[in-house]
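Here the structure comes first, spelled out in structure tokens, and everything after it is commentary.
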Amino acid sequence: METERLGVEKTLGALNAALGPGGPVWFKETHARHLRVRDFLAPRRALQARFRDGQVPESVLHAVAGLQGPGVAPVLRCEATPAGLCLRLQRPAVFRRVLGAVAAYAAAPAEPDAPRTRVLVHCPALRSDPAALRLSQLRAVLVADHLVRALRAQEVCVHPVPPVRDPHMQNFLEKIKVDWPTASQTAFSTHTLRRRLLAQLRPTQDGDTLPPGVLGRLCLKDVANEQGHKAGYDPHVDNCLVTEDLLSVLCELQEAVRHWPEGSSTELKAVAPVADADSCVAVHVVSCEEEFQQQKLDLLWWKLDGQAPVTQKHLVCGPVKIAGAADNLMTASEYYELRHAQVCKASALKHGGDVTKDPNWTETFGILCAATIKFEMLSTGPQSQLLLADSSTSTKSTKSGIFVLYNCARLATLFEGYEHSVEEGLYPPFPPVSSLDFSLLHDEGEWLLLFNGILPFADLLSQAAALAGPAQGIHVTARTEMVCKFLVQLSMDFSSYYNRVHVLGEPRPHLFGQMFARLQLLRAVREVFRAGLALLGLPPLSHI
């Protein structure tokens, strides 16, 4: 169908199916050098393993060359080469299909028949004192916030917990552009859990006194050894000293599972009761220092609450270290102030010292600082150790958030320039997209932007929201680094193209066709930038 959204994954699936039974063989090309001659490749070695003597039957070649189907990109030709089977798409047709429906490619594909999944995203670091928040905890907060946004983009029903009550933490989260639910200081009633706890407490031995504030000691080994709960738990998780604060945390989680926010709003005003608490999955996003305590909390929740989610998973964020620092004792607030000062200094050097005193730039500096921190913290897989630079490298690199926002600002300037020229009568108004001739887009940079940037973005959204891990284990992994890396690469491709190609050419009628086709391509790039930045909680800037 002409209206079906083209997809890289659907095209790859159809290509592999055309080769017959067996594992996947085809892959999408991404490098400019290879894209000059092909778009997809089935390597010769893989074909030799699939077919006798590596000879692909003519019937298979014809099937690949004539490939059609929902979401499958139209094929121009498929030919055997020393590298393997090389496939090239009908590029003008792909340009027309994609750029004629830009909004569909800047959002996750709609799946109306898919079951609504409920995911409880729990980030214990948000209960910490904001003044003492460690860098590893800040990383967990940013990963949790990004995961919530990515899941919601896939239309997953998400409940982020805990709601933030400390006004200082709320202020800090606002600075770093983390959109998390807030609540008043109202305490949860722990009466029911307290009663169940007292019925199961281990009696104290003669002379054995409990620390101040501890209600009792509870054995967790029986829960840890139950089928389905054993895999992945630390063998030393056997006893738990239960405090009033711990019961409050459990009550908060209990209420979160039983009452779900309506819609995707982050405000906890309207709530809907959940008939089956086991229909949700609890994902605890924790720093590596917090995981042991969270494992105890998992088991305690199961032991005291028969309605606790059957499935609880841990997304453990690796340690964060600072290059050249021996103690790594910098707090999250100190880290923010460091990066904010570096952003202001870099801007003062570029625009003059007075800019740092201009109130009109205050919000821009805050956005640039938040972008620097998020790209620095999220561009590495969350499970890996993260090494932060103590210099201003993170604000100047082409892999930084500032570089991405800079290119967003360049796009904004481009379209402002076009609109201004229309007002002056230099260019005509933008024509209907259906009238554009996309065969005029033949620069390799244009295909690179569409094939690597626009076309695969919807598939990227699905991958960024995926939680992978063994069914019986408690640990899951997430690819929260994908969006940052994608936006950086898109920025590099756009910057290279924009520096080389003069989009707004001379106001001559015979040049307008190519100019409008290029502007429509860059409109799509702009929409992808905006959608990608929204997953990070960052607004696009119109100037830097």
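Can you name the helices of the chain, as whole DSSP H runs, whose Cα span along the helix axis is 30 Å or more and whose Kyte-Doolittle mean is not below 0.0?
Values: long enough: 401-423 (33 Å, 0.41); 509-534 (38 Å, 0.42).
Helices meeting the criterion: 401-423, 509-534.
Run the accessible area of the chain with a 1.4 Å probe and give the carbon-and-sulfur part as a rounded percent. Before the final figure, lay out each step's value.
On the way: 13340 of 25050 Å².
Within the chain, the accessible surface is 53 percent carbon and sulfur.
Rounded to the nearest 5, what % of DSSP beta bridges with both residues in the chain are antiparallel?
Values: 23 of 45 bridges.
Among the beta bridges of the chain, antiparallel pairing accounts for roughly 50 percent.
Only sites in a loop by DSSP and with at most 14 other Cβ atoms within 10 Å count here; which trypsin sites (Lys or Arg not before Pro) in the range 1-52 make the cut? Each step should come with its number before you reach the end.
Values: sites: ARG5, LYS10, LYS28, ARG33, ARG36, ARG38, ARG44, ARG45, ARG50, ARG52; in loops: ARG5, ARG36, ARG38.
Sparse-neighbourhood loop trypsin sites (Lys or Arg not before Pro): ARG36.
Check the straight Cα-Cα distances from LYS10 and name the aspartates and glutamates below 19 Å, setting aside those fewer than 8 residues away within the same chain.
GLU2, GLU29, ASP39, GLU111, ASP113, ASP459
Given LYS177/LYS357; LYS350/LYS374; LYS399/LYS485; LYS221/LYS303; LYS321/LYS374, which pairs have Cα atoms separated by over 18 Å?
Working: LYS177/LYS357 22 Å; LYS350/LYS374 23 Å; LYS399/LYS485 8 Å; LYS221/LYS303 10 Å; LYS321/LYS374 16 Å.
Result: LYS177/LYS357; LYS350/LYS374 exceed 18 Å.
So if R0 is 60 Å, what FRET efficiency would ASN499 and GLU58 give, r being the distance between their Cβ atoms, rounded to the nearest 0.05?
Numbers: r = 46 Å, r/R0 = 0.76.
Once the sixth-power term is evaluated, E becomes 0.85.
Once amide H atoms are built 1.01 Å from N in the peptide plane, which residues 5 or more positions from LYS321, or in another chain, come under 5 Å H to H?
Amide H neighbours of LYS321: LEU386, LEU387, LEU388.
The values are calculated or read from the model by the stated rules, or taken from the named source; none is laboratory data. All figures in this text were calculated on a predicted structure; none of them were measured in a lab. Note that each Cβ is placed from the backbone with ideal geometry, even for glycine, and that neighbours are counted across all protein chains shown. Note: areas computed on protein heavy atoms with side chains; ligands, DNA, RNA excluded. Shrake-Rupley method; radii C 1.70, N 1.55, O 1.52, S 1.80 Å.
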